[in-house]
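The values are calculated or read from the model by the stated rules, or taken from the named source; none is laboratory data. Just so it is clear, the model here is predicted, and its values are computed rather than measured. Backbone-built Cβ (ideal geometry, glycine too); neighbour counts: all protein chains shown. Protein only, heavy atoms only, side chains kept; ligands, DNA and RNA dropped before computing areas. Shrake-Rupley method; radii C 1.70, N 1.55, O 1.52, S 1.80 Å.
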Amino acid sequence: MLAAFTGYEIIGKVPAILHTPLMSGSNFVHGIVLVGAMVALGHADTLLEQVIGFLGVALAAGNAVGGYVVTERMLEMFKSSKD
């Protein structure tokens with residue numbers, strides 16, 4: 001809960017022009033988390049470890065893909081509109 005509040009406060013104070021570079025950096029971190037989850041899943045021995053590893057991979061992949069979707073939408077805001 002403290003991390004959510006702190007994240008909201010920090011991101012809320014970032015100007016809109018800086019959100020895209022921040023999202024690109026966080027996408028990089030999400031990619032590292034995804035690789036870590038895949039390594040953990042690869043070393044899983046029991047069924048419980050495999051289930052937890054699979055959930056980790058699925059959530060990390062969803063987080064990374066969502067970050068790229070948000071980044072793409074933000075980059076669309078900076079394109080000039082042609083009538």
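At a glance:
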| read-out | value |
| --- | --- |
| Cβ-Cβ under 9 Å pairs, at least 6 apart or on other chains, the stretch 5-21 side closer than 18 Å to Glu72 by Cα, far side open to solvent by less than 70 Å² (accessible area, probe 1.4 Å) and at pLDDT 70 or above | Ala16/Met74; His19/Val70; His19/Thr71; His19/Met74; Thr20/Thr71; Thr20/Met74 |
| Residue, modelled with the highest pLDDT, within the stretch 13-45, restricted to residues that are surrounded by 11 or more Cβ atoms within 10 Å (Cβ to Cβ) and outside any helix (DSSP H, G or I) | Ala44 |
| Filter result for Ser81 (at pLDDT below 90, open to solvent by 80 Å² or more (accessible area, probe 1.4 Å), among the small types (Gly, Ala, Ser) and out of contact with any Ser or Thr (no Cβ under 7 Å at 6 or more places or on another chain)) | yes |
| Count of residues meeting criterion [open to solvent by less than 90 Å² (accessible area, probe 1.4 Å) and closer than 20 Å to Ile32 by Cβ] in the stretch 66-78 | 5 |
